[in-house]
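Heads up: the structure comes next, in structure tokens.
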Amino acid sequence: PDDLGIGRPGLEDRLLAALGEQHAHDLPELGADWPSRLAAAGFTVLEHRTFRIDLRPGRDADAVRYAQLWLARLRHALAESLDGDDVASLDLLLDENGPHALPNRDDLHLHGQRTVTLARRD
């Protein structure tokens, strides 16, 4: 949720904004038209699909673990871009023994998407 009950509301929006800035700098090809680029390079595109993730798993162990891995990755990659309050909020969510830890929350909502392009060289 926007207000996690810890830190300032809007943590997710700030994380996504910081990640977007990092991607724009480090991965400028992210989001490119890969099917066209692969075809121009001599590949045959077999499939291009976007998988949407929209789960409200409660305390499902696999979903919680996915969220922990994702937030830990963001915490590591973005720590220098975030303010101290946001880093502290991430630490509270990732502290498996703490009262605000992801496994102890019932408001977990996973949403996003992954796009995959499958191609072969002729």
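Whenever you get a sec, compute what percent of the accessible area on segment 57-121 sits on carbon and sulfur atoms (1.4 Å probe).
Carbon and sulfur atoms account for 49 percent of the accessible area of segment 57-121.
Just the accessible area per residue of the chain, please: how many Å² with a 1.4 Å probe?
Working: 8260 Å² over 122 residues.
Using a 1.4 Å probe on heavy atoms only, each residue of the chain averages 68 Å².
Which one of 75, 49, 59 has the biggest mean-square fluctuation once the chain is modelled by GNM with Cα springs under 10 Å?
Looking only at 75, 49, 59, the biggest GNM fluctuation is shown by 49.
Considering the alpha-carbon set of the chain alone, what are its Rg and its Dmax in angstrom?
Cα-based Rg and Dmax for the chain come out at 17.7, 55 Å.
For the chain, what is the calculated [θ] at 222 nm in deg cm²/dmol (nearest 500), taking -39500 (n - 2.57) for each run of four or more DSSP H residues and dividing by its residue count?
On the way: 4 runs with 52 residues, N = 122.
Computed ellipticity for the chain at 222 nm equals -13500 deg cm²/dmol.
The values are calculated or read from the model by the stated rules, or taken from the named source; none is laboratory data. As the structure is a computational prediction, the values presented were derived from the model and not from experiment. Areas reflect the complete protein model, heavy atoms only, side chains present, ligands, DNA and RNA absent. Shrake-Rupley method; radii C 1.70, N 1.55, O 1.52, S 1.80 Å.
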